[in-house]
1. Considering only the other residues whose Cβ falls under 11 Å of the Cβ of PHE144, what net charge follows from Lys and Arg at +1 and Asp and Glu at -1?
2. Let me check I've understood the local charge: for LEU196, count other residues with C-beta under 13 angstrom from its C-beta, Lys and Arg +1, Asp and Glu -1. What total comes out?
3. Which of these values of semi-axes √(5λ) of the Cα gyration tensor in Å was calculated from the structure shown: (1) 77, 35, 17; (2) 42, 20, 17; (3) 51, 23, 18?
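No value in this document is a laboratory result; all are computed from the given coordinates. The model shown is predicted, which means the values in this text are computed figures rather than measured ones. For neighbour counting, all protein chains shown are included, and Cβ atoms are generated from backbone atoms with ideal geometry for every residue, glycine included.
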Amino acid sequence: MVKKHKVLKLEELCLLSTQTLVSDMCFYIASVVAPTNKKVQPSSDFKQLMVEHFVKQLKEYIWSHVAWYLYEDVFDHALEGVIVAVEIMKAEWKLNTAMPEFTLQIWAMVKVAEVLHLKQLKSLDVEKMPKMIRSSVLRNIKDFRGLEKLAFGSSTGDMKGASIYLTICEGIGNMKNLVHFSHKYNCTVDILDALLNAKNTLKVLDVEQSVLIQDDCIPKLIQFENLHELGIAKTKLTTEGQATVIMNLKNLHHLPRGDFLCDALEWVAWDEMYEDNPYRNRIETVTKPKLKLQNFWASEVYFFHTTDQMKLVSEMCPDIEDMLFMYQDRYTCELAVLANFHKL
């Protein structure tokens, strides 16, 4: 039988050609900054200006030929072009390689990645980038002010106190169209403060495992009134703080890995007994406040919930349709209590 090969779409061929073009340009600029003719050696300042001018022209050339709906695809392929070129260059290193010239070539090739700095880009995942390119993106994060989705993941490390920290905060402050923001492990109150410029558009906020997110961040968090999803698991928010946040964010639908939900709701129910309770229903005091949450995640501390806890969740979160529930026995929690969740 004749083996048939898949024919690539014209769009795919163009994207691959873009990747090849960027790789070729990396090799070209590397050869320019470290020419084989040792007699002709431009000054370091001249080389820097030459590379910056080259990158500027290449950037204008590439993006002037790209339709807006292909920005993300071209970004990914151009990034891959730089990565491939750098890896090939690194593989050619030998013990007798002249390190000053080699380092200069790698710098010039990584500099080509600045072609990717596009203000019209809608989505950026910093964590997926190699470290040598990631640092350049973070230093120039202000160039991506049109972003709607920004994911740092855990890629930034502990930056507080570093000069780049202020640059990142300033860059985030200029992003007024963000819909999705993720900064796990290392988010701070300063970053939340900068993010407030996008509070009207932000729908998803993920700051999981950020130990600097504490109760002093609550005044910032509750200003994101349009949030549909909030990841605050494994932060340093207290149970009272968690309850305050979820009760003030009226549009919350999802708490990813929100194993604290039962404890937070118990705090709210307990607080209902006091007249100065801010969430108390003045008309009918026996009615507990209702939340729009649609997911439940079992505690990762004590794992098994009681019947009373699950009844409380069903009363305060009647819209739950997705549940991670851990069953031990009928004495700990009656399985029939799950029937109270009518949308499961």
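1. +3
2. Charge balance in the 13 Å sphere: 0.
3. Entry (3).
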